[in-house]
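So the structure is just underneath, and the comments pick up after that.
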Amino acid sequence: MRWAAAPRFSSKQRPLTGRSGAVSTRDGLGNHQEQFYSKSSIPRPHITRSEGIRFYGADGTAYIDANAGAAVANIGPGNERVLQAMVDQGRRMTFSYVRFSRHDPNIELTARIAELAGPGFERIHLANDGSEANEMAIKLLRVAAYQAGKPAKRKVISLTPSYHGGTLGTMGWTGDSEYTAYYGDMMVPSTKVPAPLTYRRPDGISIEEAGSLAAEHLERAILELGPDNVLAFIMEPVGGTATGANVAPESYLRAVREICTRHDVFLVFDEVMSATRTGKFLAAQHTPDARPDAIVIAKGLGAGYVPLAATAVSAELLERLTSNGGFDLSHTYNANPISCAAGCAVLDEMTERGLIENGAVMGRELTKQLQGLAEKWPLIGDVRGRGLMVGVEIVADRATKASLPGAANATGEIRRVAMENGLLIGGRRLNGGAFGEFLMLTPALIITEAEVTEIVERLDTTLATVTKRLQAAGYLSA
């Protein structure tokens, strides 16, 4: 029996249709999946295409995306170099299981990441997303400790607030009460210590003093657990969805590095979101004397074209591990050839077009314009961040830093009205308001100054509307 020849790939865009010839909208839910997502005051628009930093809805509405999806689409959509790399690789080979064979895109991508990450990160393990890569980092370090004759080292310490992923393992390290109601009894929780928050710090102390205090909490936790039992401390050098771009003070990072070294505890930087966004390839590169033992990279590595993440460690650490038996763990799609080819092309775009540097320049411009907005609207308590990771704290009273009550749904209302004004923006109220609420701006690295201004202008219009509504409802003083 002769098999029919497979149709050749065509890059010509074709509409996605159901068997009836139209996009499936059974029961008005769309694609039989809508009910998996919580109902919210913020609608989920039906997006049909994207261009630059804009999305276009099925109803013709255009939105500026101040999120880059979820801090992912760093080089923008439809990049011809990336798409062509995926097509070319797909024609050569679509799949190869990384534990059974090697392939050129895998070899090239890991070499490129190691080169950009610099000394101390010469060995790269590829994964599919940030949660998986964070777990892979802790698993790898656990094997290293075990093989070094330290089997009691299994405890993990992390921060509150924090976020490290959506798997049961990473949720255990996440300092966010939203996850404990359903899954708390199923997770293995880490020991939590206070995060070095720069805005919501104790009264009467400086940012650096707050960092020193937070570092003392870490050392106290290590001593209480017993250094022989503590495997690793995991943290974000620039916070994402849990802290709204809180930048850990450099003195804190140096103190944490010294504490971990002194007590033989591995230091892990979760850079799932911050890698490529802060003006350097890694946020860790801003403080080279606080270099961690492992770094996790994800979102911007695949840039929304493919699922792709990486765990980076030193050659010295991995050589010690492999000499004692190795680390033989992977998932089915780790180092997929098409994903690796896309990742190489993404890094080419970033480096050749200077997009990481553009992120630094545009980040300063965005921060400056948002600080100007803060002078106009008392609703803004703080503007913070590094590069194109910028957080805007929302408060009821700037003098006291008091948060608005949950019933006001301030962040949700800002996001909803912003969408009406053609602006997609992230943000949340954290841990029931225990750590305030914030907006999060993480636009693509390709953004221009004119587009930064357009984002801020639309946010200005949004804050005018929301401020009036909050005042009318009695949540804000007039």
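Every number here is computed from the coordinates shown, using simple stated rules; none is lab data. As the structure is a prediction and not an experimental result, all values here were calculated from the model. Ideal geometry is used to build each Cβ from the backbone, glycine not excepted, and the neighbour counts take in all protein chains shown.
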Under a plain spin-label model, where a point goes 7 Å from the Cα along Cα-to-Cβ, how far apart in nm are Glu115 and Leu83? 2.7
Using a Förster distance of 51 Å, the FRET efficiency for Tyr56-Ser206 (Cβ separation, nearest 0.05): 0.65
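Computed from the mean reciprocal separation of all distinct C-alpha pairs, what Kirkwood hydrodynamic radius does the stretch 376-478 have, in Å?
14.0
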Efficiency of FRET between Arg220 and Ala148 - r from beta-carbon atoms, R0 25 angstrom, step 0.05: 0.50
Pull up the DSSP beta bridges for the chain and report the antiparallel fraction as a percent, rounded to 5. 65
Contour minus end-to-end for Ser330 and Val361, with contour as 0.36 nm per residue of separation and end-to-end as the Cα-Cα distance? 7.4 nm
Cα-based Rg then Dmax for the stretch 303-427, in Å, read 21.5, 61
Peptides 454-460, 306-312: what's the order by average Cβ count within 10 Å, highest mean first? 306-312, 454-460
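Quick one: compute the contact order of the stretch 264-311, relative version, from alpha carbon pairs under 8 angstrom and 6+ residues apart, as a percent.
38
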Give me the number: length gained by fully extending Asp397 to Glu108, i.e. 0.36 nm times residue separation minus the C-alpha to C-alpha distance, one decimal in nm. 98.8 nm
Within the stretch 89-140, report the trypsin sites (Lys or Arg not before Pro) that DSSP leaves as loop and that have at most 15 other Cβ atoms within 10 Å. Arg99, Arg102
Given 10 Å bins starting at zero, what is the percent of C-alpha pairs of the stretch 82-352 in each, up to the one with the largest pair distance? 7, 30, 36, 21, 6, 1, 0
Using the Cβ atoms and a cut-off under 11 Å, what net charge is assigned to the surroundings of Ile338, where Lys and Arg are +1 and Asp and Glu are -1? +1
